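Chemist: Take this structure, written in structure tokens, and hold onto it; I'll ask about it next.
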Amino acid sequence: MSVRKVLALAVVAIAAAVPLGARTPRANVVIRLATQAPVNSAWHKALLDMGAEWEAKTAGRVKLNVYPGGTQGSEEATVKMMRPGVDQLQGNLIMASGLSTIDDSFNVFGMPFFFANDAEARYVEDKLQPMFEQRLNAKGFKMLCWGTGGWVQLFSKQPLKTLADVKNAKLYTSQGDDRMVQWYKANGFHPVALSAGDIPAQLSTGMIDTAPSPPYLAAVLQMFRTAKYMLDVRVGPLVGALVLTNEAWNKIDAADRPAILAAAKTFEARLFTEVPKQDADSVTTMTSRGLTVTAPDTAASAAFRAEADRMVATMRGNMVPADIYDAAVRERDAFRKTKK
């Protein structure tokens, strides 16, 4: 028998010994994920638990390393570290301001007073999610789930009562989106762009004197020690998302992806359950330690809303793509009609 025939028979024998449908498993994947969420905060702990579930459900084929507290830089910097050819990070738990550096459609969640409550915001998120996923995918990112930082209130070193007070304040705004900074300036505010981790220090130095923040984050960062006043205006929900690079997602074995997505959805549900309670508890705790909470009177509240409506309208087709803006308005209003 010729050598060629012997080799051919060996190949056939090996193929016959391999079970039908057997395949070579992909190599293990390590996801390095950055977040501005403080160490040991609710978000950090939820990420660690999600990572443990990823590893357990995939028998160690997918592992998650979390870098909290902005240790990898600002959100804008961490997005750059995820770009193809850089690949220093493969994941991010990132707020809307950071997401907008990937695609400006996420600026829709930065529109003040656009949502009245969590139910409205969640409804719009769910309805528009396919649009956001498509836009992120086109930029090289895979969206796993939504996140929340709670509802933004105004913490200040001096009491604020009116819209004019807020406009006169040195107001923290997220670093990385110069258009948003210019938009605030054009509307009469005095924004100061900083990384979230710099808020406590710059409140102390006086570089800023007012910081929009959810109460839980304000408590974790100890903002209330310097910014002893909170104006209860519920500016809007601090929306975020958990994203991976498409490159990292494609490296994960197809059979493992459902477990990754399921754990991400558990993470999402946990945040939307825990964070509102933590916000309420944080206000109680900070009040007992010297925080003064005030609410605008009827006239001031009406002025806030009127100005917000005017400002938000200028975002359409400028800060927020027209199709996303229109879809958000349509779905929010549709939800409000069902509640009437």
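Chemist: Which of the strands (runs of 3 or more DSSP E) contained wholly in segment 84-183 include at least 2 residues that are farther than 17 Å from V235 by Cβ and hydrophobic (A, V, I, L, M, F, W, C)?
Modeler: 91-95, 141-156
Chemist: Which residues, taken from segment 32-75, are within 14 Å of the chain's Cα centre (by Cα) and assigned to a strand (DSSP E or B)?
Modeler: Selection gives L33, A34, T35.
Chemist: Could you list, in sequence order, all residues of segment 271-286 that are within 18 Å of F224 (Cα to Cα) and of a type in the set (D, E, K, R)?
Modeler: Passing the criteria: D279, D281.
Chemist: Within segment 80-96, work out how many residues are within 16 Å of R135 (Cβ to Cβ) and either free of Cβ contacts under 8 Å to residues at least 24 places away in the same chain or among the small types (G, A, S) (or both).
Modeler: 1
Chemist: Being among the β-branched types (V, I, T), under 26 Å from D177 (Cα atoms), out of contact with any strand residue (DSSP E or B) (no Cβ under 7 Å at 6 or more places or on another chain) and surrounded by 18 or more Cβ atoms within 10 Å (Cβ to Cβ) is true for just one of V220, V239, V235, V192. Which residue is that?
Modeler: The unique qualifying residue is V220.
Chemist: For segment 131-139, state whether one or more residues are of a type in the set (D, E), within 25 Å of R270 (Cβ to Cβ) and without any contact (Cβ under 8 Å) to a residue 60 or more places away in the chain.
Modeler: yes
Chemist: A further question on this structure: In segment 297-330, how many are at pLDDT below 90, more than 11 Å from F114 (Cα to Cα) and surrounded by 17 or more Cβ atoms within 10 Å (Cβ to Cβ)?
Modeler: Residues in segment 297-330 being at pLDDT below 90, more than 11 Å from F114 (Cα to Cα) and surrounded by 17 or more Cβ atoms within 10 Å (Cβ to Cβ): 3 in total.
Chemist: Taking A211, is it among the aliphatic types (A, V, I, L, M) and either touching a strand residue (DSSP E or B) at 6+ places or on another chain (Cβ under 6 Å) or part of a strand (DSSP E or B) (or both)?
Modeler: Taking the combined requirement at face value, the residue satisfies it.
The values are calculated or read from the model by the stated rules, or taken from the named source; none is laboratory data. Because the structure is predicted, anything quoted here is derived from the model rather than measured. Reconstructed Cβ throughout: ideal geometry from the backbone, glycine too, with neighbour counts over all protein chains shown.
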